[in-house]
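Enquirer: Quick one: the structure is below, and I'll ask about it shortly.
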Amino acid sequence: DSGVTQTPKHLITATGQRVTLRCSPRSGDLSVYWYQQSLDQGLQFLIQYYNGEERAKGNILERFSAQQFPDLHSELNLSSLELGDSALYFCASSVADSNSGNTIYFGEGSWLTVV
Amino acid sequence: GENVEQHPSTLSVQEGDSAVIKCTYSDSASNYFPWYKQELGKGPQLIIDIRSNVGEKKDQRIAVTLNKTAKHFSLHITETQPEDSAVYFCAASRVTGGGNKLTFGTGTQLKVEL
């Protein structure tokens, strides 16, 4: 158990709908990351937050947004869902954003199926 | 941006043999190289990492080597066991004050046969 908690574990929704994925980082971790894993794209970085502020952005669609709250939990909002958004969404966390490199721990993922 | 290539995509070894997975990266400024193991239905689990100021790191049966000049790094697993069967991902990142976004390789499905 990495200590990163994600909910829900599975979610089935229809095209055009909106869903919210939730993540609680490990105790003491200030950075939260979101990744998407699909068969054709592999593991793709979406976005990083550090202590409530956006710190790095990857290939995140405009239909997707995220935020990190004062209690450090994070939410990933996916809207106007398309079939191609079906994937495993991982949240990860690390202690701090530093130049020395730091271990990133992944949660078990939220499996999203769009029908 | 960074691009990470990983080979082979599948690897089958006999129990007790060694397994080697290789990755190359494109961004010479990358300075952090972790390896993750992902079992079916689970999230990636860090097994070992190396930073650019180190050429080799070992942890029991697992070792990683880094060649900065050639921009490649490798994972070595010795005395493989059935529980080593999983998908292994290499990754690279340039850790700066701006963040630590990992670029992953495409994964290697390792199967350890009895």
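The values are calculated or read from the model by the stated rules, or taken from the named source; none is laboratory data. Source: prediction; values computed, not measured. Counting neighbours? That spans all protein chains shown, and the Cβs are built from the backbone with ideal geometry, glycine included. Keep in mind that these areas ignore ligands, DNA and RNA; they rest on the heavy atoms of the full protein, side chains included. Shrake-Rupley method; radii C 1.70, N 1.55, O 1.52, S 1.80 Å.
Enquirer: When Cβ neighbours within 10 Å are restricted to other protein chains, what is their mean count per residue of peptide B:83-95?
Expert: Mean partner shielding for this stretch: 1.
Enquirer: A further question follows. Heads up, I need the accessible area for A:Thr7: 1.4 angstrom probe, whole protein in place, Å², nearest 10.
Expert: Estimated to the nearest 10 Å², A:Thr7 gives 70 Å².
Enquirer: Compute the separation of the alpha-carbon centres of region B:65-87 and region B:36-54 and state it in Å as a whole number.
Expert: For region B:65-87 versus region B:36-54, the Cα centre distance is 10 Å.
Enquirer: Just to check I understand the Karplus step: with θ = phi - 60° and J = 6.51 cos²θ - 1.76 cosθ + 1.60, what whole-Hz values come out for region B:102-114, glycine and proline as x?
Expert: Result, ordered by residue: 7, 9, 9, x, 7, x, 10, 7, 9, 10, 9, 9, 6 Hz.
Enquirer: Over the alpha carbons of chain A, what is the largest minus smallest coordinate on each principal axis, giving the biggest first in Å?
Expert: 41, 27, 27
Enquirer: In straight Cα distance, which lysines are under 18 Å from A:Lys9, not counting same-chain residues fewer than 8 positions off?
Expert: Result set, ordered by chain and number: B:Lys42.
Enquirer: Starting from the 7 Å offset along Cα-to-Cβ, what nm value, one decimal, do you get for the label separation of B:Val54 and B:Glu83?
Expert: The modelled label-to-label distance comes out at 2.3 nm.
Enquirer: Next question. Please report the base-10 log of the normalised intensity I(q)/I(0) for the protein assembly as shown, using a Debye sum with one equal scatterer per alpha carbon and no solvent, at each q in 0.10, 0.17 (1/Å).
Expert: Ignoring solvent entirely, the Cα scatterers give -0.45, -1.23.
Enquirer: Using a 10 Å cut-off on Cβ to Cβ distances, tally the other chain neighbours for every residue of A:104-112 and report the average as a whole number.
Expert: Across A:104-112, the average partner-chain Cβ count within 10 Å equals 4.
Enquirer: Also: Distance check, please: which entries in A:Lys57/B:Lys71; A:Lys57/B:Lys111; A:Lys57/B:Lys37 exceed 26 angstrom between their Cα atoms?
Expert: Long pairs (Cα-Cα over 26 Å): A:Lys57/B:Lys111.
Enquirer: Distance between the C-alpha centers of region A:73-90 and region A:1-69? Whole Å please.
Expert: With region A:73-90 and region A:1-69 each reduced to a Cα centre, they are spaced 8 Å.
Enquirer: Largest first, please: the extent of the C-alpha atoms of chain B along each principal axis, to the nearest Å.
Expert: Reported extents, whole Å, longest axis first: 45, 29, 21.
Enquirer: Mark the label point 7 Å from the Cα of B:Ser28 along Cα→Cβ and return the residues of region B:61-82 whose backbone N is within less than 19 Å of it.
Expert: Answer for region B:61-82: B:66-73.
Enquirer: Between A:Arg22 and A:Glu75, what is the label-point separation in nm under the 7 Å Cα-to-beta-carbon projection?
Expert: Simple spin-label model gives 0.9 nm for this pair.
Enquirer: In nm, to one decimal, how far is the A:His10 label point from the B:Ala70 one, both placed 7 Å along Cα→Cβ?
Expert: Here the answer is 4.5 nm between the modelled labels.
Enquirer: Give, rounded to the nearest 20 debye, the magnitude of the charge dipole that chain A has about its Cα centre when Lys and Arg contribute +1 at Cβ and Asp and Glu contribute -1 at Cβ.
Expert: The calculated dipole for chain A is roughly 100 debye.
Enquirer: Taking a quarter of the surface of the convex hull around the Cα atoms of region B:53-109, what do you get in nm²?
Expert: Mean shadow area of the hull around the Cα atoms is 5.1 nm².
Enquirer: Then there is this: Once you've got the GNM for chain B with C-alpha springs shorter than 10 Å, pick whichever of B:Arg94, B:Arg61, B:Arg51 has the biggest mean-square fluctuation.
Expert: In this elastic network of chain B, the residue with the biggest mean-square fluctuation among B:Arg94, B:Arg61, B:Arg51 is B:Arg61.
Enquirer: At R0 = 35 Å, how high is the FRET efficiency between B:Val20 and B:Thr96 if r is their beta carbon distance? Nearest 0.05 is fine.
Expert: Result of the calculation: an efficiency of 0.70.
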